[in-house]
There are 2 protein chains.
Amino acid sequence: MSAAIRVAPNKAARALSLLRTVQFTHPPSCPCHSNPGYHHRDGTSVVSRFAERNGSKRRGYAAASDAGQLKEYAFEMAASSIRFGPGATQEVGMDLKNMGAKRVAVVTDETVDKLDAMRQVREALDREGVSYQVFNKTKVEPKDYSVKEAIAWTKPYNPDAFLAVGGGSVIDTAKLMNLYACYPDADFLDFVNAPLGRGLPIERALRPLIAVPTTAGTGSETTGTAIFDLASRRAKTGIAHRNLKPTLGICDPLNTRTMPAAVKAASGLDVLCHSLESWTAIPFNERTPRPTNPILRPAYQGANPISDIFSLNALKATIKYLPRAVRDPDDLEAQSEMLLAATLAGVGFGNAGVHLCHGMSYPISGQNPAEYKHNGYQVSHPIIPHGVSVAVTAPAVFRFTAASNPERHLAAAEAFGVDISNVKRESAGEVLAEVLTKFLAELGDQPRGLKDLGFTREHVDELVEGTIPQKRVLMLAPGLDADSLEREREQLRGLFESAMVY
Amino acid sequence: MSAAIRVAPNKAARALSLLRTVQFTHPPSCPCHSNPGYHHRDGTSVVSRFAERNGSKRRGYAAASDAGQLKEYAFEMAASSIRFGPGATQEVGMDLKNMGAKRVAVVTDETVDKLDAMRQVREALDREGVSYQVFNKTKVEPKDYSVKEAIAWTKPYNPDAFLAVGGGSVIDTAKLMNLYACYPDADFLDFVNAPLGRGLPIERALRPLIAVPTTAGTGSETTGTAIFDLASRRAKTGIAHRNLKPTLGICDPLNTRTMPAAVKAASGLDVLCHSLESWTAIPFNERTPRPTNPILRPAYQGANPISDIFSLNALKATIKYLPRAVRDPDDLEAQSEMLLAATLAGVGFGNAGVHLCHGMSYPISGQNPAEYKHNGYQVSHPIIPHGVSVAVTAPAVFRFTAASNPERHLAAAEAFGVDISNVKRESAGEVLAEVLTKFLAELGDQPRGLKDLGFTREHVDELVEGTIPQKRVLMLAPGLDADSLEREREQLRGLFESAMVY
């Protein structure tokens, strides 16, 4: 910082003075500066946010020692390349050949292995003479031990490229197979998100990974995130770094035709919450600490002007097309648009993050005390699908977060078709919660709160304790008091209680 | 194609039948199907476009032999990672160290070499102990021979990474230095766009390239395009492939403060036309031929649902912030927003393409028969800045293209603030041309047509001949009759004539 000023004192001083002028166009009593839970965001102005970081002069990394106290000042946008088109799966053999791949690990699960998508993949690889082996033992909602099995399978084969064909669980597992193939000596917990793991950054370039999603939900084909259960800790966690993202996502709407209606609905609700949570996450320049090295800047960095564009577009598309896609299996337009929305939302939350709905969903799905089995899921075991566990708290969550940024919550309500011209800012949360409730009810076959999933008030403490370790997403939750664990517990308890019935 | 049907006859046949149903919700007499220059686009529906490709069943690449007749069916979105923040230039030393770079070629020009941006870069590299050499001989509006000089400089140094600090000319030159460093035995014309060059795809992964723009215009930090003059042919051409794109663009609003007002205006007009042209380019699924291998899919692939999002956002931001950025050198918010808009537009046109304004601009800037020197440019030689030569034809161009897609042209006029509720579709071109004219006039110091740049009707034939080789962009121009060279010439002549005075 002092070095920068030394080099060009006049320019730096002038910039600082100008940016201070911008800053103080906010009245000095503006709540931005006194209350960390409050933030301006109109989706357009970047500099007004810059100005809030205590003066925006060239600060440089000479100031790294006090970076812990400094707010973030930059954001980074990274996404896999995305190819979109009906039938594009057939190109994958040529892609892998173009990359020079000679030993491809095709990662899928036993269900998808029987579907047309995998037939197309085999055909495409055979046609180009690309050598491959199929690993089809991926588990839905992967556990650390199922991931370790997959990694163990990888070692003797030593593939030079990966191809994931399936939903989020498959794609996430393939990312982890790739990661540990490139770090053969790493301990499994090295890269796992802190505090459960050591949260090391991924510094090496991984091998090529092409992801072909067969659901329209997780957006995993574009993100650097992989989620799994850490069985020993009974907690959902994951690994997240932009270097984990696939090289290419091939989004082929012919591959999502096979989803049953219940899976379409649950996956689509995941998209809805990805968009809503990333749109309402705290802004990147309210996040602390400022990273001391750009490789430490998290992918979940808070809302920013580029993620906003993706999140809001995905939200609008989901509201428009999800009900159609669920209602009519022949509505290929709606299904195709939902696949696009899932990918757009993936770019949005992949670079901004999610917060409370996702943080609270992990213990909901994981604990499932009444062995609830969601209607329409053709599995033999109890299951609260990820998208269902995420959406079930949404009305309570956005009623809670609205005070932090009423404008954004009103904009979200407007995306649902609410005329917000006469709605007061104080009512933003209530209005958004109401229209979300209506949307979920009309979608059909959704629980009307945690009670319908078999939770009672006596489960709340355990739900809260299962949420607390989700630091990575909780730090992006507007209005949550992250400085006091006691206060955070109390707020989460309130949220779970009000999510019992909506 | 037949293989796909053989594997799963029922599913494939059902999908085909369903998609045909969608297709024929257009009346059979719909002009989409009879007139290749006409196309629907409402910015939302993907499948209605899919359906237009003569049935959307799994076609596969068994059909490659007739690919020349088939329209495109997929699009691909690729962009450099983007980091955005005031002062982010200071991180570049750590980035290069993180990448393991040991010999960095820092590419700039003599002007930028003296600016604060280069001071920050040197300081950042020195702080991390990253070894580098500076090449500062890049030329504004690079020629093949200036590019070849830069390439010759690269060979003995053999850098393992590149860092470009400057405007589009610098970043483009650095891309080419990187390309030919990775293909040391290639002929210069191998990768140059056809028909002037051989247009080969870039199959190898290039070395890391970080781009730090010092202007808010070209968006070159996100694109796989590099533009230069082929002196022997007196034509502007370039190399374009997504593998040419930088690894990372660092957009630091502190670096664009140094632009003089005239450069801000011209660069901003480039952004305006990037957005408008990519927004109105023919849609990806009207482009022929369908590529026989995905590596042959051009970056300039036509408008698509993802590029649309970027283009329209960039257009709105440019309309809002460019006049402020030009008027007030202390309006850092407007300048910062223009840098963001330039990058967003870069992602948009980098994946969709530009068309007539850009295609026609190359001979305008190149020929400059009256040795026009634009006001406010501190150079010793005549110059029609790129942004000026692009915008000068815009009113004529969009008046011409509007018939191909009135809705999109009306949406663009609405972005300028026009109340379009009572505007007839037939008037879309006129309304957009008028508001563009007004915008250019109010920006100040812009020519009111080619006449003000010193062109007369006797120059039109040469302008037309200079435009004809720009196949790569002309193929994306809606309404241009690409099947008949004679008709194309006549249309271009009409466009240049009507651009004489606006």
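The values are calculated or read from the model by the stated rules, or taken from the named source; none is laboratory data. Since the model is a prediction, treat every value here as computed from it, not as a measurement. No Cβ is skipped: glycine too gets one built from the backbone with ideal geometry, and neighbour counts run over all protein chains shown. Quick note on the areas: whole protein, heavy atoms, side chains included, nothing else; ligands and nucleic acids left out. Shrake-Rupley method; radii C 1.70, N 1.55, O 1.52, S 1.80 Å.
Quick check, is A:PRO395 open to solvent by 10 Å² or more (accessible area, probe 1.4 Å), at pLDDT 95 or above and on the phi < 0 side of the Ramachandran plot? No, not satisfied.
Listed by position, the helices (runs of 4 or more DSSP H) contained in segment B:401-502 that have at least 2 residues being more than 22 Å from the chain's Cα centre (by Cα) are B:406-415, B:428-443, B:460-467, B:485-498.
Can you tell me which residues in segment A:81-101 are more than 7 Å from every other protein chain (Cβ to nearest Cβ) and either touching a helix residue (DSSP H, G or I) at 6+ places or on another chain (Cβ under 9 Å) or among the acidic types (Asp, Glu) (or both)? Those that are more than 7 Å from every other protein chain (Cβ to nearest Cβ) and either touching a helix residue (DSSP H, G or I) at 6+ places or on another chain (Cβ under 9 Å) or among the acidic types (Asp, Glu) (or both): A:THR89, A:VAL92, A:GLY93, A:LEU96, A:LYS97, A:ALA101. Looking only at residues in segment A:296-310 that are more than 8 Å from chain B (Cβ to nearest Cβ) and assigned to a helix (DSSP H, G or I), the one that is surrounded by the most Cβ atoms within 10 Å (Cβ to Cβ) is A:SER307.
The single residue among A:LYS148, A:LYS143 that is among the charged types (D, E, K, R), out of contact with any strand residue (DSSP E or B) (no Cβ under 7 Å at 6 or more places or on another chain), more than 27 Å from B:ASN293 (Cβ to Cβ) and touching a residue at least 24 places away in the same chain (Cβ under 8 Å) turns out to be A:LYS148.
Report yes if B:ARG122 is of a type outside the set (A, V, I, L, M, F, W, C), part of a helix (DSSP H, G or I) and either under 27 Å from B:MET259 (Cβ atoms) or within 25 Å of the chain's Cα centre (by Cα) (or both), otherwise no.
Criteria met by B:ARG122.
Restricting segment B:167-216 to residues that are open to solvent by 30 Å² or more (accessible area, probe 1.4 Å) and touching a strand residue (DSSP E or B) at 6+ places or on another chain (Cβ under 6 Å) leaves a set whose member that is farthest from B:LYS97 (Cα to Cα) is B:ARG207.
When restricted to residues that are more than 11 Å from every other protein chain (Cβ to nearest Cβ) and either modelled with pLDDT under 95 or under 25 Å from A:MET475 (Cβ atoms) (or both), segment A:312-341 contains 1. Exactly one residue out of B:PHE135, B:PHE75 is surrounded by 22 or more Cβ atoms within 10 Å (Cβ to Cβ), within 11 Å of another protein chain (Cβ to nearest Cβ) and not aliphatic (A, V, I, L, M), and it is B:PHE75.
Confirm whether B:ARG287 is within 10 Å of another protein chain (Cβ to nearest Cβ), touching a residue at least 24 places away in the same chain (Cβ under 8 Å) and charged (D, E, K, R).
No: the conditions fail for B:ARG287.
Just checking, does segment B:445-453 include any residue being touching a helix residue (DSSP H, G or I) at 6+ places or on another chain (Cβ under 6 Å) and either modelled with pLDDT of 95 or more or not polar (S, T, N, Q) (or both)?
Yes, segment B:445-453 contains a residue that is touching a helix residue (DSSP H, G or I) at 6+ places or on another chain (Cβ under 6 Å) and either modelled with pLDDT of 95 or more or not polar (S, T, N, Q) (or both).
Restricted to strands (runs of 3 or more DSSP E) entirely inside segment A:130-220, those with at least 3 residues that are in contact with a Ser or Thr (Cβ under 7 Å, 6 or more places away or on another chain) and of a type outside the set (Ser, Thr, Tyr) are A:209-213. The set of residues from segment A:78-121 being of a type in the set (Lys, Arg) and open to solvent by 10 Å² or more (accessible area, probe 1.4 Å) comprises A:LYS97, A:LYS102, A:ARG103, A:LYS114, A:ARG119.
On the stretch given as segment B:205-252, residues that are of a type in the set (Lys, Arg) and modelled with pLDDT under 95 total 4. Quick check: is even one residue across segment A:411-433 more than 17 Å from A:SER498 (Cβ to Cβ), touching a residue at least 60 places away in the same chain (Cβ under 8 Å) and open to solvent by less than 10 Å² (accessible area, probe 1.4 Å)? Checked segment A:411-433: at least one residue is more than 17 Å from A:SER498 (Cβ to Cβ), touching a residue at least 60 places away in the same chain (Cβ under 8 Å) and open to solvent by less than 10 Å² (accessible area, probe 1.4 Å). Looking at A:ILE250, is it within 14 Å of chain B (Cβ to nearest Cβ), touching a helix residue (DSSP H, G or I) at 6+ places or on another chain (Cβ under 6 Å), of a type in the set (A, V, I, L, M) and surrounded by fewer than 24 Cβ atoms within 10 Å (Cβ to Cβ)? No: the conditions fail for A:ILE250. Quick check: is even one residue across segment B:265-282 out of contact with any Lys or Arg (no Cβ under 6 Å at 6 or more places or on another chain) and assigned to a loop (DSSP other than H, G, I, E, B)? Within segment B:265-282, one or more residues are out of contact with any Lys or Arg (no Cβ under 6 Å at 6 or more places or on another chain) and assigned to a loop (DSSP other than H, G, I, E, B).
Within the set A:ALA164, A:ALA152, the sole residue that is away from chain B (no Cβ under 13 Å), among the hydrophobic types (A, V, I, L, M, F, W, C) and open to solvent by 10 Å² or more (accessible area, probe 1.4 Å) turns out to be A:ALA152. All of B:ASN313, B:ASN368, B:ASN293, B:ASN375 fail the test of being out of contact with any His (no Cβ under 6 Å at 6 or more places or on another chain), open to solvent by 10 Å² or more (accessible area, probe 1.4 Å) and at positive phi, apart from B:ASN368.
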